[in-house]
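Worksheet for the structure shown next.
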Amino acid sequence: MPNCTQPSPAKDDTRLQVVIVGAGLAGLAAAISISLSGHNITVLESAKELLEVGAGLQVTPNCTRILQKWDLPDRLWQSAAEPTSLVVHRYSGRTLAIEADFHKHIRKKYGAPFIDLHRVDLQLALYDKAKELGVQFKLGDRVKDIDFSISEVRTEAGAKYTGDLIVAADGLWSKCRSKFLGSEDKPMPTGDLAYRVVLDVKDIDDPELREWVERSTVHFWIGPGAHAVGYSMRGGQMYNIVLLTPDDLPSDVSRQAGSVEEMRELFNDWDPILARFLSQVDKVVKWKLMHREELDSWINADSNLVFV
Ligand SMILES: Cc1cc2nc3c(=O)[nH]c(=O)nc-3n(C[C@H](O)[C@H](O)[C@H](O)COP(=O)(O)OP(=O)(O)OC[C@H]3O[C@@H](n4cnc5c(N)ncnc54)[C@H](O)[C@@H]3O)c2cc1C
């Protein structure tokens, strides 16, 4: 098993050149993991900078166990919130199930924590670790083509990268997937969308809500045709709320600013505490939830492309 914090040098004849397409969570995690096995990695990312996209992320112990082994910067763990209870409510507020001491039970059962993070905190911690391991990054250039016969990736800026292995980590709108299938292949709508809200405790003027955020818990509300999830992040200094409702975005829109009034109206007769949180919101984004058919194979016929 490779050393989990330093690359174990592969012998020259087994050291691979690996090109990873996409520096999201999957691409960065693949870069760290493959680098720790002693291979040379170049990551190609279309974004110019790795900025805040999305909001909160619940990270379960099967993942935190790996993150712990990678010896990521301390600031990642300081930015986490570890929920002390998990509560499932009827939409109107009545508690249906509660697990007190959730954090203790999870650590005891799995040997690693369940944490809630801001997505960008995890992404930047992985990015820093990958750079420390010597991974090369090419930001701000989009992959537009792949020639599998010569294992070559081409970008919009005209750059060419060859690798023994190409790792497709370019997310939902994957160019690698279209190239692999040989035709344009778009994700399909699930029929639902998510309102994603992030609140900073400094901007919350209700002391009871501030106390709720600082306590770090996870709440689910299950309702007719919709459900909601709320949890703390950034050590109890931020609150993440996701509201899942039927999709009413135009078919060609995958994300757009939403109306705060419309959102409040949809959850008007839900748990009063949720309504109080929503009264603190001044902007919200609506995300269409999409999915993909599973591929028959995650590896191409030439064995030089793999999907994560
Ligand atoms: C509302 C919501 C809530 C969620 N909550 C959770 C949660 O609590 N816990 C959890 O584990 N997961 C959660 N997820 C899922 C999680 O966010 C995704 O699984 C994860 O972000 C996918 O990471 P990825 O690296 O595969 O893709 P992405 O994050 O999409 O990264 C792909 C990267 O590839 C780049 N790219 C794309 N095309 C190209 C190209 N042609 N050339 C170069 N670069 C390219 C993009 O710029 C991007 O940086 C949630 C998702 C949603 C929508």
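Okay, here's what the table says:
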item: Which numbered condition Asp147 misses (of (1) modelled with pLDDT of 95 or more; (2) of a type outside the set (Gly, Ala, Ser); (3) farther than 30 Å from Met263 by Cβ; (4) surrounded by 14 or more Cβ atoms within 10 Å (Cβ to Cβ)); result: (4)
item: Every residue from region 38-48 that is part of a strand (DSSP E or B) and within 15 Å of the ligand (Cβ to nearest atom); result: Ile41, Thr42, Val43, Leu44, Glu45
item: Identity of the residue in region 289-301, without any contact (Cβ under 8 Å) to a residue 24 or more places away in the chain and surrounded by 12 or more Cβ atoms within 10 Å (Cβ to Cβ), that ends up farthest from the chain's Cα centre (by Cα); result: Ile299
item: Region 262-288 residues that are in contact (Cβ under 8 Å) with a residue 60 or more places away in the chain, paired with ones that are open to solvent by 80 Å² or more (accessible area, probe 1.4 Å) and assigned to a loop (DSSP other than H, G, I, E, B) (beta carbon under 8 Å, 6 or more apart); result: Gln280/Asp205
item: Helices (runs of 4 or more DSSP H) wholly inside region 49-156 containing at least 2 residues that are more than 16 Å from the ligand (Cβ to nearest atom) and within 24 Å of Ala228 (Cβ to Cβ); result: 102-110
item: Number of the condition not met by Cys176 [criteria: (1) at pLDDT 95 or above; (2) within 13 Å of the ligand (Cβ to nearest atom); (3) open to solvent by 10 Å² or more (accessible area, probe 1.4 Å)]; result: (3)
item: Residue in region 211-228 that is among the basic types (Lys, Arg) and crowded, with 17+ Cβ neighbours inside 10 Å present; result: no
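Residue by residue, here is whether (1) of a type in the set (Gly, Ala, Ser); (2) in contact with an Asp or Glu (Cβ under 7 Å, 6 or more places away or on another chain); (3) surrounded by fewer than 21 Cβ atoms within 10 Å (Cβ to Cβ) holds:
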residue	(1), (2), (3)
Ser92	yes, yes, yes
Ile98	no, no, yes
Lys108	no, no, yes
His118	no, no, no
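The values are calculated or read from the model by the stated rules, or taken from the named source; none is laboratory data. Everything numeric here is computed off the predicted structure, so don't read it as measured data. Virtual Cβ from ideal backbone geometry, glycine too; neighbours counted across all protein chains shown. Side chains are part of the model used for accessible areas, which takes the heavy atoms of the whole protein and leaves out ligands, DNA and RNA. Shrake-Rupley method; radii C 1.70, N 1.55, O 1.52, S 1.80 Å.
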